[in-house]
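To start, the structure under review is shown below, and the notes come after it.
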Amino acid sequence: DKSSERPILASDARRLEKILVQAEYLASRKNDSCVVLAIEALRFSRANNSELYEARSLDVLANFYFDTERYKPALDNYRLLLTLYTNLGDSIQKATVYNRLGLSYYNIGIYDEAVKSYHHAMRLAVEQKDTSLLASTNQNIGVLYAEINRSQEAMSYYEKALDLYRIMKNRVN
């Protein structure tokens, strides 16, 4: 049976797209209704064997939970996303998820896991030559080290982040 290999029908893709656009909009407004829509999209994408839409659905859920400071459900969804992005071969998204995992662990006080996640993100950002993500991850590690009173190490990471932001001409960060 090769049913898992068949592409998603165009009509199903349009339906999923519509649901996800609405879920993303509601998530941006921090409206809990986005969870209902994202879960609907998740179930529908799984029924249609679409890992791409499944990842997008989980991304909406994880980021909504993160943005509303519900870090434990965010962590659960980010872990599922790591598996999906590994299957899809999307290293940039995987690195972004590792960075968000690090932030989630940091926010609940599990610093050793935060550092591990940040280092995974950094490794992938270097491999993919993603300067923006590399700068952000260095900055996040600096924040973590400052929090635990390791000022010298924090400054080292802050300086790396600052250098990268300067190269990108990013005056905001």
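The values are calculated or read from the model by the stated rules, or taken from the named source; none is laboratory data. Model, not experiment: these values are computed from the prediction. So basically every Cβ, Gly included, is an ideal-geometry build from the backbone, and we count neighbours across all protein chains shown. For the accessible areas, the whole protein counts, side chains as well, though only heavy atoms, and no ligand, DNA or RNA atoms are used. Shrake-Rupley method; radii C 1.70, N 1.55, O 1.52, S 1.80 Å.
For a quick check, take a GNM of the chain with Cα springs below 10 Å and name the residue from Leu103, Leu61, Leu16 with the largest mean-square fluctuation.
Answer for the Gaussian network model of the chain: Leu16.
Could you give the size of the charge dipole of the range 50-113 about its Cα centre, using +1 on the Cβ of each K and R and -1 on the Cβ of each D and E, expressed in debye and rounded to the nearest 20?
20 debye
Out of His119, Phe64, Val172, whose Cα points farthest toward the positive end of the dipole of the chain (charges: +1 Lys, Arg; -1 Asp, Glu; placed on Cβ)?
Val172
Each residue of the range 65-76 in turn: what ³J(HN,Hα) in whole Hz from Karplus with 6.51, -1.76, 1.60 and θ = phi - 60°, glycine and Pro shown as x?
After applying 6.51 cos²θ - 1.76 cosθ + 1.60, I find 4, 4, 5, 9, 6, 10, 6, 5, x, 4, 4, 4 Hz.
Probe of 1.4 angstrom, ligands and nucleic acids ignored: what's the accessible area per residue over the range 1-65, in square angstrom?
Heavy-atom SASA per residue in the range 1-65 reads 60 Å².
Rounded to a whole number, what % of the accessible area of the range 19-166 do carbon and sulfur atoms account for, probe 1.4 Å?
Of the solvent-accessible surface of the range 19-166, carbon and sulfur hold 49 percent.
Is the range 107-173 best put as rounded, prolate or oblate by its Cα gyration tensor, with a ≥ b ≥ c the root eigenvalues, rounded for a/c under 1.5, and otherwise prolate when a/b is larger than b/c, oblate when not?
oblate
Could you give the dipole magnitude of the range 93-150 about its Cα centre, charging the beta-carbon of Lys and Arg +1 and that of Asp and Glu -1, in debye to the nearest 20?
Computed charge dipole of the range 93-150: roughly 120 debye.
Going toward the positive end of the dipole of the chain, with +1 on Lys and Arg Cβ and -1 on Asp and Glu Cβ, which of Asn49, Leu26, Gln152 do you reach last?
Value: Leu26.
With each label point set 7 Å from Cα along the Cα-Cβ vector, what nm distance links Glu147 and Asn49?
4.2 nm
Averaging sequence separations of C-alpha pairs under 8 Å and six or more residues apart, then dividing by the length of the range 11-60, give the relative contact order as a whole percent.
35 percent
Which three semi-axes in whole Å describe the equivalent ellipsoid of the chain, each the square root of 5 times a Cα gyration tensor eigenvalue, listed largest first?
33, 17, 15
Could you size up the charge dipole of the chain around its Cα centre, putting +1 on the beta carbon of Lys and Arg and -1 on that of Asp and Glu, and report it in debye to the nearest 20?
Taking the Cα centre of the chain as origin, the dipole is about 300 debye.
Which value in deg cm²/dmol, rounded to the nearest 500, describes the helix-derived mean residue ellipticity at 222 nm for the chain, given -39,500 (n - 2.57) per DSSP H run of n ≥ 4 and division by the residue count?
When only DSSP H runs of four or more count, the value is -27000 deg cm²/dmol.
Looking only at Ala27, Ala47, Ala114, which one moves most when the chain is put into a Gaussian network model with springs between Cα atoms under 10 Å?
Among Ala27, Ala47, Ala114, the largest mean-square fluctuation in the Gaussian network model of the chain belongs to Ala47.
Calculate the FRET efficiency for Val21 and Asn170 from the Cβ-Cβ distance with a Förster distance of 30 Å, rounded to the nearest 0.05.
0.55
Hey, can you find the accessible area per residue of the range 88-173 for me, probe 1.4 Å, expressed in square angstrom?
Value for the range 88-173: 57 Å² per residue.
Rounded if a/c is under 1.5, else prolate if a/b is larger than b/c, else oblate: which is the range 24-80, with a ≥ b ≥ c the root eigenvalues of its Cα gyration tensor?
Oblate.
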